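Visitor: Below you will find the structure I want to go over with you.
The values are calculated or read from the model by the stated rules, or taken from the named source; none is laboratory data. Everything numeric in this text was worked out from a predicted model, so none of it was measured. Cβ: placed from backbone, ideal geometry, glycine included. Neighbour counts: every protein chain shown. Side chains included, ligands, DNA and RNA excluded: accessible areas come from the protein's heavy atoms. Shrake-Rupley method; radii C 1.70, N 1.55, O 1.52, S 1.80 Å.
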Amino acid sequence: MIGRVKAAVSGLLGGSISTKQSALPAPPSPEKETPSVPIAKPQPPSRPPFLKLLPEEFQKSGDHNARIVQTLKIPGELHWDTGYAEVINAGKSHHNEDQACCEFVVAEDRDEKYNSLPRDQNLNTDLQSVCKVCDGVSFYYWGLFDGHAGYGCALAASRLLHFHICDQLRDLIHILQQTTAAPLCLNPDSRTETVSGTSSHEITNPPMETAARFHLEKQVFPESLVVGALENAFKQMDEQIERERTSHSIDGGCCALVTVYLMGKLYVANAGDSRAIIIRQGKPIEMSHEFTPETERQRLQLLASLKPELLGNEFTCLEFPRRIQQKELKKRMLYRDHTMTGWAYKTIEEDDMKFPLIYGEGKKARVMATIGVTRGFGDHDLKVYNSNIYIKPFLSCIPGVKVYDLAGCDHNADDVMVMGTDGLWDVITDREVADIVQRVFAAHGTDQPNRYNLAAQELVLRTRGVRKENSWRLPNGKLASLDDISVFVIPLAGHDR
């Protein structure tokens with residue numbers, strides 16, 4: 001198994017992929033036992049295929065002055081009746097660098113003969129019956145990819161990441177089909193708790209005599225294996241981008257926010273500053289957190305202290321409240337390092353005069369004065385301006401994963417998950433998002449087939465604002481979002497449809 005994990009997506013086409021917009025791929029030829037993930041070909045700018053934009057519509061979607069909100073043309077176009085809307089930035093970058101993906105995926109066991117879904121299979125049918133038909137493990141998948149310094153990386157990830165997830169899950173099929181609750185090595189002296197009805201956490205309390213034994217077996221729940229599969233899939237996606245960035249013109253980098261529905265649970269994997277919340281009974285529940293220079297300060301400082309050569313003798317890993325002036329040398333000033341959450345005083349030395357590894361505050365915080373996010377794909381060639389100092393060693397592709405027990409909670413038609421790129425969250429709070437969604441639902445009853453699409457559209461309209469003279473403004477007069485904005489609104493009762 002270890003060899004398979006390290007291999008770069010071998011045997012992937014043993015899984016089948018289908019969406020409401022495309023037919024299932026043909027089965028691989030029998031003589032190929034280890035086919036690989038499709039190669040990312042150089043692609044021109046494009047929008048998600050499910051928007052079905054005509055050429056003239058695509059051209060208008062790139063108008064930075066009009067900023068036309070694009071949404072689904074047909075209600076129920078996406079799985080679970082998911083709603084989607086997007087808008088381009090206000091001139092920040094030439095193209096809309098956000099990408100989105102919504103898929104239904106079936107992962108076959110590596111040792112089983114390839115079997116595809118019947119072409120007339122209803123993809124909204126119950127997952128358990130689908131698994132029986134396919135003799136594999138199936139999952140629903142939503143992904144948002146917020147690109148920067150070009151659209152290439154976001155486009156590649158949107159088209160390939162679910163292949164990597166499928167490949168990783170193929171090692172787990174027998175385990176997942178047997179059980180989704182019991183640990184693989186059960187210690188009778190341990191217990192499992194559910195916190196706030198959202199995720200399961202393993203809490204082990206062995207007695208003293210058990211803890212003293214030389215040979216111990218840790219509990220490993222299937223849920224933890226799925227989390228590990230997602231983490232490995234993100235690593236493999238980043239490795240593929242690194243290998244093919246030149247030959248296939250994969251430029252820039254991207255943040256990634258992914259939701260996978262597998263056997264009754266939602267797995268939300270986030271690498272970057274996009275975010276997701278669940279709105280249940282009108283109240284927001286955080287399902288991800290942002291990875292920024294400020295939130296990851298201690299991780300970045302620790303790496304810099306362990307490998308000072310990464311700083312190129314130009315930066316200091318210490319943080320100060322402000323830039324130090326030459327006249328302050330030998331004086332005392334507040335600082336903090338990777339071991340500290342608070343502040344303390346130190347005497348300023350010559351090395352402290354270097355530019356700080358992390359500089360700025362809030363959305364203006366940057367790693368090495370260059371990039372404002374610390375996790376995601378790509379950026380393998382990114383350097384500090386006018387230097388040979390690479391920034392990639394400080395950027396991680398590993399997502400933070402949260403789990404929501406969807407099958408264990410009752411949901412009505414107004415309970416949803418909202419996934420949005422940072423263009424949404426920069427100007428609006430979780431509570432405001434929940435209020436907007438609830439107002440849309442109140443105006444459009446449960447018999448309205450387009451209500452989730454209308455909710456996504458309203459969120460984008462509200463955060464884009466309206467154009468006043470040379471700027472975009474919110475209803476309260478504050479500056480609106482100038483970034484690309486992409487939003488999914490996913491009904492939590494959708495898996496019952």
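Visitor: So ALA369 passes all but one of these: (1) in a helix (DSSP H, G or I); (2) at positive phi. Which condition number does it fail?
Guide: With respect to (1) in a helix (DSSP H, G or I); (2) at positive phi, ALA369 is out only on (1).
Visitor: Here is a further query. Does ASP337 count as over 16 Å from GLN301 (Cα atoms) and not polar (S, T, N, Q)? Don't jump to the end; show me each part of the working.
Guide: On the way: over 16 Å from GLN301 (Cα atoms): no; not polar (S, T, N, Q): yes.
No: the conditions fail for ASP337.
Visitor: Tell me whether the range 259-268 contains one or more residues that are among the small types (Gly, Ala, Ser), open to solvent by less than 20 Å² (accessible area, probe 1.4 Å), more than 18 Å from the chain's Cα centre (by Cα) and closer than 30 Å to ASN412 by Cβ.
Guide: So the first thing to find is which residues in the range 259-268 are among the small types (Gly, Ala, Ser), and the list is 264.
Filter once more, so that each one left must be open to solvent by less than 20 Å² (accessible area, probe 1.4 Å): 264.
Filter once more, keeping what is more than 18 Å from the chain's Cα centre (by Cα): 264.
Still in the running and closer than 30 Å to ASN412 by Cβ: 264.
Yes, that holds for at least one residue.
Visitor: On to the next question. Among the residues of the range 291-298, is there at least one that is open to solvent by 10 Å² or more (accessible area, probe 1.4 Å), part of a helix (DSSP H, G or I) and of a type in the set (A, V, I, L, M, F, W, C)? Before you say what the answer is, go through the steps one by one.
Guide: Step one: filter the range 291-298 for residues open to solvent by 10 Å² or more (accessible area, probe 1.4 Å), giving 291-292, 294-298.
Now drop any that are not part of a helix (DSSP H, G or I), which leaves 297-298.
Going one step further and asking which of them are of a type in the set (A, V, I, L, M, F, W, C), we end up with none.
Among the residues of the range 291-298, not one is open to solvent by 10 Å² or more (accessible area, probe 1.4 Å), part of a helix (DSSP H, G or I) and of a type in the set (A, V, I, L, M, F, W, C), which makes the answer no.
Conditions tested, residue by residue: (1) open to solvent by 10 Å² or more (accessible area, probe 1.4 Å); (2) hydroxyl-bearing (Ser, Thr, Tyr); (3) touching a residue at least 24 places away in the same chain (Cβ under 8 Å).
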{"residue": "GLY423", "(1), (2), (3)": "no, no, yes"}
{"residue": "ILE428", "(1), (2), (3)": "yes, no, yes"}
{"residue": "GLN448", "(1), (2), (3)": "yes, no, no"}
{"residue": "ARG451", "(1), (2), (3)": "no, no, yes"}
{"residue": "THR463", "(1), (2), (3)": "no, yes, yes"}
{"residue": "GLY477", "(1), (2), (3)": "yes, no, no"}
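Visitor: Could you check how many residues of the range 447-496 are under 17 Å from ASN412 (Cβ atoms) and in contact with a strand residue (DSSP E or B) (Cβ under 8 Å, 6 or more places away or on another chain)? Walk me through how you get there before you give the answer.
Guide: Here is the first cut: in the range 447-496, the ones under 17 Å from ASN412 (Cβ atoms) are 447-449, 451-452, 455, 489-496.
Subset that is in contact with a strand residue (DSSP E or B) (Cβ under 8 Å, 6 or more places away or on another chain): 451-452, 455, 489-492, 495.
Looking only at that region, the number is 8.
Visitor: Also: Does LEU72 qualify as being surrounded by 19 or more Cβ atoms within 10 Å (Cβ to Cβ), modelled with pLDDT of 95 or more, over 15 Å from ILE485 (Cβ atoms) and not charged (D, E, K, R)? Steps first, please.
Guide: On the way: surrounded by 19 or more Cβ atoms within 10 Å (Cβ to Cβ): yes; modelled with pLDDT of 95 or more: yes; over 15 Å from ILE485 (Cβ atoms): yes; not charged (D, E, K, R): yes.
So LEU72 fits the description; yes.
Visitor: Among the residues of the range 461-472, are any under 25 Å from GLN281 (Cβ atoms) and touching a helix residue (DSSP H, G or I) at 6+ places or on another chain (Cβ under 9 Å)?
Guide: yes
Visitor: Follow-up. Looking for whichever is open to solvent by 70 Å² or more (accessible area, probe 1.4 Å) and in contact with a strand residue (DSSP E or B) (Cβ under 8 Å, 6 or more places away or on another chain) here; the options are GLU286, GLU309. Which one fits?
Guide: Values: GLU309 fails: in contact with a strand residue (DSSP E or B) (Cβ under 8 Å, 6 or more places away or on another chain).
GLU286 is the lone residue from the list that is open to solvent by 70 Å² or more (accessible area, probe 1.4 Å) and in contact with a strand residue (DSSP E or B) (Cβ under 8 Å, 6 or more places away or on another chain).
Table: residues versus (1) under 30 Å from LEU144 (Cα atoms); (2) among the basic types (Lys, Arg); (3) in contact with a Leu (Cβ under 6 Å, 6 or more places away or on another chain); (4) surrounded by 19 or more Cβ atoms within 10 Å (Cβ to Cβ).
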residue	(1), (2), (3), (4)
LEU334	no, no, no, no
GLU349	no, no, no, no
LYS363	yes, yes, no, no
VAL367	yes, no, no, yes
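Quick grid of which residues meet (1) at pLDDT 95 or above; (2) outside any strand (DSSP E or B); (3) under 28 Å from VAL258 (Cα atoms):
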position	(1), (2), (3)
ILE278	yes, no, yes
PRO284	yes, no, yes
HIS289	no, yes, yes
GLN301	yes, yes, yes
SER305	yes, yes, no
GLU309	yes, yes, no
PRO321	no, yes, no
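Each row is one residue, and each column tells you yes or no for (1) closer than 30 Å to LEU306 by Cβ; (2) of a type outside the set (Gly, Ala, Ser).
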residue: TYR390; (1), (2): yes, yes
residue: ASP430; (1), (2): no, yes
residue: THR446; (1), (2): no, yes
residue: ASN470; (1), (2): no, yes
residue: LEU474; (1), (2): no, yes
residue: SER481; (1), (2): no, no
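Visitor: Tell me which of these ILE436 doesn't satisfy, since it passes every other one: (1) crowded, with 24+ Cβ neighbours inside 10 Å; (2) β-branched (Val, Ile, Thr); (3) more than 19 Å from the chain's Cα centre (by Cα).
Guide: The number of the failed condition is (1).
Visitor: Among strands (runs of 3 or more DSSP E) lying entirely in the range 451-494, which contain 1 or more residues that are among the β-branched types (Val, Ile, Thr)? Steps first, please.
Guide: Details: elements: 466-468, 471-473, 485-491.
Fully inside the range 451-494 and qualifying: 466-468, 485-491.
Visitor: Going residue by residue through the range 383-405, is there one that turns out to be open to solvent by 60 Å² or more (accessible area, probe 1.4 Å), part of a loop (DSSP other than H, G, I, E, B) and of a type in the set (D, E, K, R)?
Guide: For the range 383-405, residues open to solvent by 60 Å² or more (accessible area, probe 1.4 Å), part of a loop (DSSP other than H, G, I, E, B) and of a type in the set (D, E, K, R): absent.
Visitor: PRO44 is checked against (1) open to solvent by 30 Å² or more (accessible area, probe 1.4 Å); (2) modelled with pLDDT of 95 or more; (3) out of contact with any helix residue (DSSP H, G or I) (no Cβ under 8 Å at 6 or more places or on another chain); (4) of a type outside the set (D, E, K, R) and fails just one. What number does that condition carry?
Guide: Tallying (1) open to solvent by 30 Å² or more (accessible area, probe 1.4 Å); (2) modelled with pLDDT of 95 or more; (3) out of contact with any helix residue (DSSP H, G or I) (no Cβ under 8 Å at 6 or more places or on another chain); (4) of a type outside the set (D, E, K, R), PRO44 fails exactly one: (2).
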